[in-house]
Amino acid sequence: DLAADRAALLALRSSVGGRTLFWNISSQSPCAWAGVRCEQNRVTGLRLPGVALAGEIPLGIFANLTQLRTLSLRLNSLSGQVPSDLGRCENLRNLYLQGNHFSGEIPEFLFGLHDLVRLNLGGNNFSGEISTGFNNLTRLRTLLLDTNALSGSVPDLGALENLGQFNVSNNLLNGSIPKTLQKFGSDAFLGNLLCGQPLEKPCPATAGSTNASEPANPTANPTDGNQKKKSNLSGGAIAGIVIGSVLGFLLIVMILILFRKKSSKRSRSIDIASIKNQELENVPGEKSGGDMENGGYGNGYSVAAAAAAAMTGGGGGVKGGGEANGAGAKKLVFFGNAARVFDLEDLLRASAEVLGKGTFGTAYKAVLEGGNAVAVKRLKDVTISEREFKDKIEGVGAMDHQNLVPLRAYYFSRDEKLLVYDYMPMGSLSALLHGNKGAGRTPLNWDIRSGIALGAARGIEYLHSQGANISHGNIKSSNILLNKSYEARVSDFGLAHLVGPSSTPNRVAGYRAPEVTDPRKVSQKADVYSFGVLLLELLTGKAPTHSILNEEGIDLPRWVQSVVREEWTSEVFDLELLRYQNLEEEMVQLLQLAVDCCAQYPDNRPSMSEVTTRIEELRRSSLREDFDAQPDKVNDAADDSR
Ligand SMILES: Nc1ncnc2c1ncn2[C@@H]1O[C@H](COP(=O)(O)OP(=O)(O)OP(=O)(O)O)[C@@H](O)[C@H]1O
């Protein structure tokens, strides 16, 4: 039961980690201790990566943790044999022991853990042969035994039909590589005395070896034949590649020139001069901005046109920035010390493109004469008085944090309310995740995604720190914008309080916490829920809403929970992320955080500062892993050059 689980954890702590595990041991339940996961009143997960555990784990601990499904003790200094009572944890699916000093043979009891899906014993001192007993573990998808002292030959593991990740590099193995494992790249086998595919080194054709059936005559040896072919081809191939690349390059240059011509024409066509003549009568209406997430560039009204129309009733032709002066001429009002490098007239002259249409109005990119770009949001449905608007927007303008999109200025008149923000050149996280999926798209690796998660969390944490009743109210991936280095900036904060109740789009629905009934009254804990959905979106690559972006119509939190409950954890991740599989543990930790944020009851959700700390920690741990991997890479390189 849970008390026995707790006692086992304390025994582990006092034997190998007394100084390093800062668990609150006065608590009767271990479930809130760092690294411990419980389900139905039992400990089912224990993840203690890189926390300086050291020494031998005595027998008698794991015999009590019988409901464990995931055990991670990687990147510690544990030594001796893996305790045999771990064999009692029959539900174990994921076992990560890499990066320790475990020694002895790979324990036989592992072959009785039939539910194992992931097994990583890499970077230890295991010796002896690799047993064919692994064939009992038919659910195994990952088997990593690299960087140990394993000897003998590599057994045929043909029964492991699901095996997708395999590595025995840097051991003392010899002989030929069995056919069933040849599909794994050469990296999986380097640093041994192995021969045959996929290594460059052919096996000697001696009787008894697996390649014995191959003809002894070297000219008839298919491996040699392949090599010859390769070297014959290489001259022609190189020429082909060079010519192909040059042609490809020229084609791209031509397309770019054509595209630039076209787009400069387009942006000229929405220049203020033409708008003033042609489009002013259209201004009060609003056109949909085409593809909302991806910009739909160039098919909207100019912000200048909008403002110009408003100006005609308010005095027109004003010069200079400065304070708003009530009735009559209306001007842009700037916040704080922001450089007043443009004024309303400059905005009028700017060429503008529609970025998209959102809950509160339409957003435009306006390129000022000097080439500087700003984003202008034209608010709709503002029903509050100028005084009230001014008070509220000044609160928004006062927010100052590196992970927020700064609001630079606003414009208020009877017919027009404009907000001027810094323009974020890389667009939104939404466009990045769900936009261009084709070639040429920047792959979003773990570092970028977890960095975006951290930046966004810090921005929201800052907002929450400004007062217990200050919340964002509209956290979603189109409101997380990115600068050129993919740093996240949270936008649109505070706007939910400026507009009327009619502006509640369906698109927000996927992010909204279950307890929220009035979108203008969103608590900090409801922000945490929305942030949890955003994390799920980052990890799964799936949009959570029922909009056009999501053909599957997924309630993301519920789907993820169902998959995680079934322990197909790796199935939920975006395929692009799975390429970085040695980071799966950190991904699982972020997934767990996301699930915690999406708890049904607000009180069960973490605070935003807790969220930030947890993301910082798991990013530190992946950095550490990168760092720890470096010496191996250096060794590999040294081995190769020998
Ligand atoms: N400062 C900015 N820089 C670059 N792109 C922006 C900027 N502000 C908004 N956008 C983009 O313009 C589009 C419309 O934004 P807007 O904020 O009006 O709507 P939304 O984010 O889709 O929905 P909501 O109004 O509910 O936040 C979005 O794709 C958004 O990413």
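The values are calculated or read from the model by the stated rules, or taken from the named source; none is laboratory data. Owing to the predicted nature of the structure, the values given are computational and were not obtained by experimental measurement. Counting neighbours? That spans all protein chains shown, and the Cβs are built from the backbone with ideal geometry, glycine included. The area values use the complete protein model at the heavy-atom level, side chains included, leaving out ligands, DNA and RNA. Shrake-Rupley method; radii C 1.70, N 1.55, O 1.52, S 1.80 Å.
Here are some notes:
- Point-to-point label distance, residue 139-residue 609, nm (Cα→Cβ direction, 7 Å offset): 4.1
- In plain terms, the C-alpha convex hull of the range 379-499 casts an average shadow of 8.2 nm² when viewed from every direction.
- Share of carbon and sulfur in the accessible area of the range 371-419 stands at 41%, probe radius 1.4 Å.
- Under the criterion of Cα pairs below 8 Å and six or more residues apart, the relative contact order for the range 37-166 equals 18 percent.
- Excluding ligands, DNA and RNA, the accessible surface per residue across the range 369-421 is 46 Å² with a 1.4 Å probe.
- Put simply, the amide H of residue 488, placed in the peptide plane, has neighbours under 5 Å in 455, 456, leaving out anything fewer than 5 places away on its chain.
- Among the listed pairs 365/484; 179/201; 365/417; 377/525; 331/377; 331/417, those beyond 18 Å (Cα-Cα): 377/525
- Taking every C-alpha pair closer than 8 Å and separated by at least 6 residues, the mean separation divided by the residue count of the range 335-406 gives a relative contact order of 23 percent.
- Across all directions, the shadow cast by the convex hull of the range 1-89 built on its C-alpha atoms averages 5.0 square nanometres.
- ³J(HN,Hα), Karplus 6.51/-1.76/1.60, whole Hz, each residue of the range 93-102, x for Gly, Pro: 10, 10, 10, 10, 10, 5, x, 10, 10, 4
- Distant-in-sequence amide H partners of residue 368 (H built 1.01 Å from N, under 5 Å): 373, 374
- The range 126-201 - percent relative contact order, Cα under 8 Å, separation 6 or more: 28
- Full extension of the chain segment joining residue 151 with residue 39 gains 36.3 nm, where the gain is 0.36 nm per residue of separation less the Cα-Cα distance.
- Translational diffusion coefficient (Stokes-Einstein; Kirkwood radius from C-alpha pairs) of the range 330-420 at 20 °C, 1.002 mPa s, in µm²/s: 156
- Cα centroid separation, the range 88-122 to the range 20-70 (Å): 17
- In sequence order, the range 417-426 has phi-based couplings of 10, 10, 10, 10, 10, 5, 8, 9, x, 8 Hz under the Karplus curve 6.51 cos²θ - 1.76 cosθ + 1.60, θ = phi - 60°, and Gly or Pro positions carry x.
- In this simple spin-label model, placing a label point 7 Å from the Cα along the Cα-to-Cβ direction at both residue 392 and residue 600 gives a separation of 3.3 nm.
- Probe 1.4 Å, protein heavy atoms only - accessible area per residue of the range 59-104 in square angstrom: 31
- Segment residue 559..residue 28, full-extension length gain: 187.9 nm, with 0.36 nm per residue of separation and the alpha-carbon distance subtracted.
- Peptides 147-159, 24-36 ordered by average Cβ neighbours within 10 Å, highest first: 147-159, 24-36
- Total formal charge among the other residues, if their Cβ is under 13 angstrom from that of residue 131, Lys/Arg +1 and Asp/Glu -1: -4
- Heavy-atom accessible surface of the range 24-110: percent carbon and sulfur, 1.4 Å: 46
- Loop trypsin sites (Lys or Arg not before Pro), the range 349-428 (other Cβ atoms within 10 Å of the site Cβ: 11 or fewer; DSSP): 414
- Other residues with beta-carbon under 13 Å from the beta-carbon of residue 463 carry, at +1 per Lys or Arg and -1 per Asp or Glu, a net charge of -2.
- Take the Cα of residue 131, go 7 Å toward its beta carbon, and the backbone nitrogen atoms of the range 47-90 under 12 Å from that spot belong to 84, 87.
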